[in-house]
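One structure is given here, and the rest of the page talks about it.
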């Protein structure tokens, strides 16, 4: 059996003379009311073969998390009605392994920095909006590397 892996997490192997292509695909949930602000991120994720789902509210997010397995979650924190820390805690209680990345302002209404509290909840990255192509590329590659490390740890 011959196995080759290229730089986009695609693997090809030959078994019995037939070439079969495998790709490391993740299911990604993007929570945003502003599709234009996540356009480069969506294009990049889809271009890399990931399955992209959308939610436009907290209720839709919870329903999606209850109905299917989500590997990565990009959360526009500017659209959350409840305190964002509480909402992330709800998500964490539903799935401890989901990779959460926040998009938007990390300052609360009193001007305090939310990033340390978000990181304490296991948020991988906090980024502003809109994401440009280069930043979206860097962010997705970083999360993919994190997901691969987590997968390898689970196997050991």
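Every number here is computed from the coordinates shown, using simple stated rules; none is lab data. Bear in mind the structure is a predicted one, so any value in this text is a computation, not a measurement. No Cβ is skipped: glycine too gets one built from the backbone with ideal geometry, and neighbour counts run over all protein chains shown.
So here's what we get for this one:
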item: Rounded if a/c under 1.5, otherwise prolate or oblate - region 110-151, Cα gyration tensor axes; result: oblate
item: Pairwise label distance in nanometres, residue 90 with residue 46, each label 7 Å out on the Cα-Cβ vector; result: 2.8 nm
item: Per residue, the convex hull volume that the Cα atoms of region 25-130 enclose (Å³); result: 89 Å³
item: Order of 53, 126 - criterion: other Cβ atoms within 10 Å of each residue's Cβ, fewest first; result: 53, 126
item: FRET E, pair residue 60, residue 129, Förster distance 25 Å, beta-carbon r, rounded to 0.05; result: 0.85
item: Gained length - residue 154 relative to residue 81, 0.36 nm times residue gap less alpha-carbon distance; result: 22.8 nm
item: Residue-span extension gain [residue 67 to residue 115] - 0.36 nm each, minus C-alpha spacing; result: 14.4 nm
item: Likely footprinting exposure, 127, 149, fewest C-beta neighbours within 10 Å first; result: 149, 127
